[in-house]
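A short write-up of the structure that comes next.
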Amino acid sequence: MNWDKEGNEAVERLRMMLRFNTTNPPGNESGVARNLAEEAESNGLPADVFEPVEGRGSLVIRRKGVGSRRPLLLLSHLDVVPAEPDQWRFPPFDGELADGYVWGRGAIDSKLTGAVMMQVLLMLHREGLESKRDIVFVSAADEELGGTNGVDWLSREHPEVFDAEYGINEAGGFTTVVDGKPMYLCQVAEKGSAPVDLVAKGNPGHSSVPHDQNAIVRLGNALARLGHAKLPHNPPESVVAFFESAANAQSEPEVGELLRSVLVPGQSDEALSTLPIKDRDRLMFDAMLRNTCAPTLLNAGLKRNVIPSEARAGLSGRPLPGTSESAFMDEVRSAVGPGVEVELTGPFRPGVQFDHETDLFDVLTESTRRFEPDATVVPYMQTGGTDARFLRDIDIHVYGYIPMRHEPGPGFFELCHGHDERISVSNVTFAVQVLYDAVRRMVI
């Protein structure tokens with residue numbers, strides 16, 4: 001196999017995809033979806049672009065197998081979050097190739113996923129080998145803004161697309177380093193979402209006569225309480241599996257014990273502060289242990305010289321798998337304390353958790369070790385969410401896994417919605433290698 005050739009083909013596809021500005025809103029994913037559809041059809045693979053509304057296209061390609069096993073789903077998305085071009089080294093929608101990296105919004109999240117999966121699909125198709133499963137490639141619209149015009153719609157209107165035994169998705173495969181040892185994170189679970197508002201009310205008046213019934217001050221006090229509080233320690237099964245697997249992989253027994261202590265409520269904070277990890281990973285580990293609810297929006301006031309009667313803060317709630325709406329809201333109310341109302345302003349979406357003791361998890365581990373013999377692959381819960389949340393109630397196991405070797409510089413979460421988002425050419429090739437090997441093992 002000429003891996004440089006296959007990797008470079010994936011790189012050029014990724015660069016093409018990045019040149020389509022699919023910032024959501026408004027999305028406008030249909031252009032890149034049709035471009036990929038034309039590439040598939042030119043290689044003899046039928047492709048469909050589904051549009052619930054004009055411009056919001058999702059791509060579906062199916063390579064037929066003999067049907068002795070249920071299909072394998074390859075899931076990605078085409079939309080991206082907004083970028084601030086003046087903060088970037090290269091324009092975010094130019095698909096620049098420089099210094100051994102592909103630069104652009106979506107280079108990590110998640111046009112990379114689609115470019116790599118498309119490459120794997122084409123490689124297997126060009127081999128012409130009979131497969132025991134269908135391979136279904138989906139590159140969807142609207143993941144970044146709720147999935148209404150993407151997988152949510154597609155799973156309701158075309159449920160046959162997702163009739164699969166296993167799925168491979170975004171949001172896993174990157175590494176975290178504990179005591180100098182990189183571990184590849186296979187995402188087997190993810191948090192849900194809960195849009196929550198804090199609403200403080202008070203008495204309006206002229207700003208020249210301050211009083212103690214100011215809604216902004218009340219809201220500020222509630223936000224301060226929330227900022228200094230942690231919601232209860234309650235790791236789900238997938239998080240327990242992560243820390244136990246990570247502990248078992250350590251060469252130093254003391255580090256293994258610290259990882260296990262993170263799971264013990266009274267010992268967790270001290271163990272986390274002592275672990276030999278980067279601060280960005282310390283924050284991620286802490287968020288994996290509990291529900292979170294971070295302030296992200298503020299709205300108050302009509303005019304500078306008017307004390308407002310209402311002040312509102314928008315919070316991004318992230319409930320763990322297994323957490324109910326009522327339990328989550330009770331935790332938030334307890335953390336913010338009195339003086340404000342706590343409102344759920346949209347649908348509560350529970351977290352999702354898939355069994356990690358499966359053939360697919362074992363195959364992903366084996367394929368990673370083929371190209372990285374000392375690799376450790378551990379189950380992992382993503383603290384954000386993906387389109388897998390729309391598949392939680394069907395008979396499928398979905399894992400996030402686009403493997404990337406550890407490299408110096410910003411981490412996955414710093415890049416995926418940050419400035420100068422980029423992926424190295426070598427890691428694109430590595431992802432193609434591992435994913436090709438894994439998919440081939442699953443279907444041939």
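The values are calculated or read from the model by the stated rules, or taken from the named source; none is laboratory data. Owing to the predicted nature of the structure, the values given are computational and were not obtained by experimental measurement. Reconstructed Cβ throughout: ideal geometry from the backbone, glycine too, with neighbour counts over all protein chains shown.
Any residue that is among the acidic types (Asp, Glu), surrounded by fewer than 23 Cβ atoms within 10 Å (Cβ to Cβ) and within 21 Å of the chain's Cα centre (by Cα) - is there at least one of those in region 145-160? Show your work before the answer.
In the first step, residues of region 145-160 are kept if they are among the acidic types (Asp, Glu); the result is 152, 157, 160.
Cutting the leftovers down to surrounded by fewer than 23 Cβ atoms within 10 Å (Cβ to Cβ) gives us 152, 157, 160.
Cutting the leftovers down to within 21 Å of the chain's Cα centre (by Cα) gives us 152.
Looking through region 145-160, at least one residue is among the acidic types (Asp, Glu), surrounded by fewer than 23 Cβ atoms within 10 Å (Cβ to Cβ) and within 21 Å of the chain's Cα centre (by Cα).
Rundown of residues vs (1) small (Gly, Ala, Ser); (2) under 25 Å from ASN8 (Cα atoms), yes/no style:
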{"site": "PRO319", "(1), (2)": "no, no"}
{"site": "VAL336", "(1), (2)": "no, no"}
{"site": "VAL342", "(1), (2)": "no, no"}
{"site": "PRO350", "(1), (2)": "no, no"}
{"site": "HIS356", "(1), (2)": "no, no"}
{"site": "ASP362", "(1), (2)": "no, no"}
{"site": "ASP374", "(1), (2)": "no, no"}
{"site": "ARG405", "(1), (2)": "no, yes"}
{"site": "SER426", "(1), (2)": "yes, yes"}
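Scanning region 180-212 for residues that are among the charged types (D, E, K, R), at pLDDT 95 or above and out of contact with any helix residue (DSSP H, G or I) (no Cβ under 9 Å at 6 or more places or on another chain) yields a single hit, ASP197.
When region 312-353 is filtered for residues that are of a type outside the set (S, T, N, Q) and more than 27 Å from GLU144 (Cα to Cα), the ones remaining, listed by number, are ASP330, ARG333, ALA335, VAL336, GLY337, PRO338, GLY339, VAL340, GLU341.
Just so you know, in region 301-326 the residues that are of a type outside the set (A, V, I, L, M), in a loop (DSSP other than H, G, I, E, B) and over 27 Å from the mean Cα position of the chain (by Cα) include one that is surrounded by the fewest Cβ atoms within 10 Å (Cβ to Cβ), and it is ARG304. Check region 56-66 and report whether any residue there is under 20 Å from the mean Cα position of the chain (by Cα) and either closer than 28 Å to ILE135 by Cβ or in the same structural domain as GLU12 (by TED's automatic domain parsing) (or both). Among the residues of region 56-66, at least one is under 20 Å from the mean Cα position of the chain (by Cα) and either closer than 28 Å to ILE135 by Cβ or in the same structural domain as GLU12 (by TED's automatic domain parsing) (or both), which makes the answer yes. If only residues of region 117-160 that are of a type in the set (D, E, K, R) and assigned to a helix (DSSP H, G or I) are counted, the one that is farthest from SER30 (Cα to Cα) is GLU127. Exactly one residue among ARG15, ARG56, ARG62 is crowded, with 17+ Cβ neighbours inside 10 Å, among the basic types (Lys, Arg), modelled with pLDDT of 95 or more and part of a strand (DSSP E or B), and that residue is ARG62. In this entry, THR113 passes the filter for residues that are among the polar types (S, T, N, Q), touching a His at 6+ places or on another chain (Cβ under 9 Å) and under 20 Å from VAL151 (Cα atoms). A residue that is of a type in the set (Phe, Trp, Tyr), part of a loop (DSSP other than H, G, I, E, B) and touching a residue at least 24 places away in the same chain (Cβ under 8 Å) can be found somewhere in region 161-178.
Here ASN234 clears all of (1) modelled with pLDDT of 95 or more; (2) out of contact with any Leu (no Cβ under 7 Å at 6 or more places or on another chain); (3) surrounded by fewer than 16 Cβ atoms within 10 Å (Cβ to Cβ) except the condition numbered (2). Mind checking which residues of region 406-421 are modelled with pLDDT under 95 and not aliphatic (A, V, I, L, M)? The answer is HIS406, GLU407, PRO408, GLY409, PRO410, GLY411, PHE412, PHE413, GLU414, CYS416, HIS417, GLY418.
Filtered by the rule that a residue be more than 14 Å from LEU231 (Cα to Cα) and exposed (fewer than 14 other Cβ atoms within 10 Å of the Cβ), region 327-340 gives a lone residue, PRO338. Give me the residue from region 357-386 that is in contact with a helix residue (DSSP H, G or I) (Cβ under 6 Å, 6 or more places away or on another chain) and assigned to a loop (DSSP other than H, G, I, E, B) and, out of that set, farthest from GLY172 (Cα to Cα). Among residues in region 357-386 that are in contact with a helix residue (DSSP H, G or I) (Cβ under 6 Å, 6 or more places away or on another chain) and assigned to a loop (DSSP other than H, G, I, E, B), the one farthest from GLY172 (Cα to Cα) is ALA375. Candidates in region 390-426 are the residues that are under 14 Å from the mean Cα position of the chain (by Cα), crowded, with 22+ Cβ neighbours inside 10 Å and of a type outside the set (Phe, Trp, Tyr); of these, the one that is nearest to ARG349 (Cα to Cα) is VAL398.
Every condition in (1) crowded, with 23+ Cβ neighbours inside 10 Å; (2) closer than 30 Å to ASN2 by Cα; (3) not aromatic (Phe, Trp, Tyr) is met by VAL136 except one, and the failing one is (1). Scanning region 190-231 for residues that are β-branched (Val, Ile, Thr) and crowded, with 16+ Cβ neighbours inside 10 Å yields VAL196, VAL199, ILE216, VAL217.
Go through the residues of region 244-252 one by one and say whether even a single one is more than 19 Å from GLU331 (Cα to Cα), part of a helix (DSSP H, G or I), among the polar types (S, T, N, Q) and in contact (Cβ under 8 Å) with a residue 60 or more places away in the chain.
Looking only at region 244-252, we keep the residues that are more than 19 Å from GLU331 (Cα to Cα), and these are 244-252.
Next, only the ones that are part of a helix (DSSP H, G or I) stay: 244-248.
Then keep just the ones that are among the polar types (S, T, N, Q); that gives 245, 248.
Checking the rest, the ones that are also in contact (Cβ under 8 Å) with a residue 60 or more places away in the chain come to 245.
Yes, because at least one residue in region 244-252 is more than 19 Å from GLU331 (Cα to Cα), part of a helix (DSSP H, G or I), among the polar types (S, T, N, Q) and in contact (Cβ under 8 Å) with a residue 60 or more places away in the chain.
Taking every residue in region 271-287 that is in the same structural domain as LEU258 (by TED's automatic domain parsing) and pairing it with any residue that is hydroxyl-bearing (Ser, Thr, Tyr), at least 6 positions away or on another chain, the pairs with Cβ-Cβ distances below 8 Å are ALA271/SER261; ILE277/THR176; ASP281/THR176; ARG282/SER273; MET284/THR176; MET284/THR383; ALA287/THR383.
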